[in-house]
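The values are calculated or read from the model by the stated rules, or taken from the named source; none is laboratory data. Bear in mind the structure is a predicted one, so any value in this text is a computation, not a measurement. A quick note on method: Cβ atoms are made from the backbone with ideal geometry, for glycine too, and the neighbour counts reach across all protein chains shown. Ligands, DNA and RNA are excluded from the accessible area calculation, which covers all protein heavy atoms including side chains. Shrake-Rupley method; radii C 1.70, N 1.55, O 1.52, S 1.80 Å.
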Amino acid sequence: MIRVGTSSWTEKTLVQSSEFYPRGVNTAEERLRFYAGHFSTVEVDATYYAIPPLSTPRMWAERTPGDFVFHVKAYGALTGHGVDPRTLPPDIRQGLSRGEWEKNRVYIKDPGLMGAVAERFREMMGPLRKAGKLGVAVFQLPPWVQKGPRSMEKLTVYRDYMKDTAPVAVEFRHGSWLAPESRQEVLGFLEENGFLYVTADEPQCGSLATVPFVPEATGSIAYFRFHGRNRQTWLKKGIATAERFKYEYSEEELRGFVPAVEKVQKKSRDIYVMFNNCYAGMATRNAGRMKALLRAG
């Protein structure tokens, strides 16, 4: 089965644009119900920035149809990103040093603290799993993590973090992972170790700073993330996150992705096509059109 959706339903520019949500759809509950009337899956991007309380995923489950699927992006600390210490659960934050408390971003390295963060992240997904609405956990590597024996071995930690709560989908951001001489080794490693591969489309800058579009699947679930192709803003520092994804795919580009999706159908039972070009109504428009092209759910 193919499902198409976006990587957020509450992104700020989307809500402000009034391009998707009609007048009168103003509350969090109304927006999610409206979104679920158009798409059968969504990726929760907010969990990358902070782990919400259990009441939040409970409400998500209650406000969506029975066959709706949520994918959850892993909290940044779990993938080696720096996080705002204020986003950590209060009891876990107590384990930080005084110096770490005062920083804008902290990189958690203590195994005990990391284990506590992972446990809290798993617990947060519990209501979605109980409702039968939990899809994959998207673990997006930092862009500075390059392919190598040590970094490949580190991927197994993600599986330990999840403890079979949800399938782990891995997205690479440094081109070394998918270079022609490396990709078969990397894809084989993912498949042998039970990881799902995330096929990403993003701007190509002529260097290893971005990953090439390599449509493949390493398990019964195939996962696509379409980020847009805005080369002018992709690597630019000091801009709003939404500006990085300000790109609307053309009809020709969308049609060009259809063979890639059909290719992975030979190996995967479930295919998720997610648009992360979340600026105003760009992702929802592209997702709606792709859904029609694929005749997807």
Dipole in debye (nearest 20) - the chain, about Cα centre, beta carbon charges: Lys, Arg +1; Asp, Glu -1: 300 debye
Unit charges at the beta carbon, dipole of segment 95-184: most positive-side option, Leu113, Ala179, Gln140: Gln140
Heavy-atom SASA rank of Val258, Val211 (probe 1.4 Å, accessible area, largest first): Val258, Val211
In order through segment 83-89: 3J(HN,Hα) via Karplus (6.51 cos²θ - 1.76 cosθ + 1.60), integer Hz, x for Gly, Pro: 10, 5, x, 5, 7, 6, x
Solvent-accessible surface (1.4 angstrom probe) belonging to Glu119, in square angstrom, nearest 10: 90 Å²
Among the listed pairs Lys266/Lys291; Lys73/Lys130; Lys133/Lys163; Lys73/Lys236; Lys237/Lys263; Lys73/Lys263, those beyond 28 Å (Cα-Cα): Lys237/Lys263
Cα gyration tensor, segment 73-178 - rounded (a/c under 1.5), prolate or oblate: oblate
Cα-Cα separations in segment 189-283 greater than 17 Å, expressed as whole percent: 54 percent
Heavy-atom accessible surface of the chain: percent carbon and sulfur, 1.4 Å: 50 percent
Anisotropy class of the chain from Cα gyration tensor, a/c 1.5 cut: rounded
Glu253-Ser97 FRET efficiency (beta carbon distance; Förster radius 41 Å; 0.05 resolution): 0.30
Sequence of Arg255, Arg31 when ordered by accessible area, the most exposed leading, probe 1.4 angstrom: Arg255, Arg31
Of the DSSP H helices in the chain, those whose Cα atoms cover at least 20 Å axially and whose Kyte score averages -1.0 or more: 111-130, 251-264
List His38, His174, His71, ordered by accessible area with a 1.4 Å probe, largest first: His38, His174, His71
DSSP bridge pairs, the chain: antiparallel proportion in percent, nearest 5: 5 percent
Gyration tensor verdict on segment 1-135 (Cα atoms; rounded if a/c is under 1.5, prolate if a/b is larger than b/c, oblate otherwise): prolate
Per residue solvent-accessible surface (Å²) - the chain, probe of 1.4 Å: 47 Å²
Nearest-20 debye value, segment 50-187 charge dipole, Cβ charges on Lys, Arg, Asp, Glu: 180 debye
